[in-house]
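The values are calculated or read from the model by the stated rules, or taken from the named source; none is laboratory data. None of these values were measured; they are calculated from a predicted model. Every residue, glycine among them, receives a Cβ derived from its backbone with ideal geometry; neighbour counts consider all protein chains shown.
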Amino acid sequence: MKSLSDVASAIKPSATLAINALSQELKAQGVDVVSFGAGETDFFTPDPIKAAGIAAIEGNKSYYTASSGIAPLKKAICGYMEKTFGVKYEPKNICVSSGAKHVLYIAMRVMLNPGDEVILPAPYWVTYEEAIRMCGATPVILKTDESTSFKISPEQLSAAVTEKTKCIILTNPSNPTGMLYSEEEMRALGRVIVDNDLYLIDDEIYATLVYEGKFVSAAAIDPELYARTVVVNGVSKTYAMTGWRIGFAAGPQPIIKLMDTYLSHSTGNACNIAQYAAVEAYSGDQTCVEDMRREFAKRRAYFVERVNAMDKVSCLPPDGAFYIFMDVSKTFGTTLCGEEIHDSSDFAQALLKHGLVATVPGAAFGSVSHIRWSYATSMENIKKGLDRLEKFLNNQPTA
Ligand SMILES: Cc1ncc(COP(=O)(O)O)c(C=O)c1O
């Protein structure tokens, strides 16, 4: 048989799969594993949004729509972007598709040629690196650490630019670190982006989940940056709607138009019914967003205090999103619950096996010193998980 696509064959399976598989296997055996792996909230989709979805089904919204989304949703997104972030768009600047993940991929697809370079600050969300490669382009990883709060500097960005650089991807606030670029920091990076004629993909999917500092959209910085920025966002995290699969890009019309064309020959439109639910999400009462944010803020405060009270691990307080990126490097070269720990994958495996706590090893995000915890789970689970972590670090297995 002839060989399959080189590009597809080179895609790395998610490094989180091994730990997920182990966690699921243990759960199937009836073992009480506490899981902190999921990048989705434990809240339910708010009732008015559910009702809009039900009304869409009953109103027979069961047909194809325009590939880049229905007009009422584009209008609702424009209203939301202006009201929430002070950025003005017209419906022709909006492209809706099946989740921000897909929108990101399509944005890259229409922007990149094989051989182009894309600057990607690490730690980064797992999908970007593979999506860049799936477009035949090359990720240029910029390492960061706690000393700069996991943020890149304008100088670092400038030094990484070559004649092949097409684009940079920023996530603000970040998954996995939770760090937030301030307006000033974004402005300084924006200068380098404009001066070097780059595009910016700004993934703002966690923009409403901010606990420290003020979120400012890259598109709100100045007109020059606005003109070369594709903002990516969606309903998944803000409205507890991960399964509804609605995300959008807001950006320059030539890019949005090509995305529309690309979609018309690939997925076509995002689910019609889910689009109507998203209209309600973006144009309805926003109290649910603040309610969820407040609950996350409580969990974050508890998590950070507990982790930093422990000897062998530490974390920076995240500004936003719902992740703790915990440094476990002090345990390297030691033995915990009988397991030798050399990197954060060893740590995560041992913590799962002996502490019955599932986390994601940092290698998946470009850091071998950390593990990622999602605190989008109940306080009860958080307490239980951290008690188990404490025992594990004291060589007392739960299992
Ligand atoms: C940084 C980041 N961008 C995008 C996504 C994808 O969101 P969606 O559910 O809209 O595809 C995620 C989900 O985990 C994420 O963490």
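Numerical summary
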{"read-out": "Of all residues making up region 321-341, the number that are more than 16 Å from the ligand (Cβ to nearest atom) and within 19 Å of the chain's Cα centre (by Cα)", "value": "1"}
{"read-out": "Hits in region 59-117 (condition: out of contact with any Leu (no Cβ under 7 Å at 6 or more places or on another chain), among the polar types (S, T, N, Q) and within 16 Å of the ligand (Cβ to nearest atom))", "value": "Ser98"}
{"read-out": "Among the residues listed as Ala55, Ala21, the single one being of a type in the set (A, V, I, L, M) and not assigned by TED's automatic domain parsing to the domain that holds Ile324", "value": "Ala55"}
{"read-out": "Within region 214-320, helices (runs of 4 or more DSSP H) holding 3 or more residues that are among the aromatic types (Phe, Trp, Tyr) and either modelled with pLDDT of 95 or more or within 15 Å of the ligand (Cβ to nearest atom) (or both)", "value": "287-308"}
{"read-out": "Enumerated helices (runs of 4 or more DSSP H) restricted to region 1-96, each holding at least 2 residues that are surrounded by 13 or more Cβ atoms within 10 Å (Cβ to Cβ) and modelled with pLDDT under 95", "value": "16-28"}
{"read-out": "So Thr171, is it more than 11 Å from the ligand (Cβ to nearest atom), buried (at least 22 other Cβ atoms within 10 Å of the Cβ) and within 22 Å of Phe150 (Cβ to Cβ)", "value": "no"}
{"read-out": "Contacts under 6 angstrom Cβ, first residue in region 57-86 being without any contact (Cβ under 8 Å) to a residue 12 or more places away in the chain, partner part of a loop (DSSP other than H, G, I, E, B), 6 or more apart", "value": "Glu82/Lys88"}
{"read-out": "Near pairs, Cβ below 7 angstrom, 6+ apart or cross-chain, from region 145-156 (surrounded by fewer than 18 Cβ atoms within 10 Å (Cβ to Cβ)) to any residue that is part of a helix (DSSP H, G or I)", "value": "Pro154/Ala188; Pro154/Leu189; Pro154/Arg191; Pro154/Val192"}
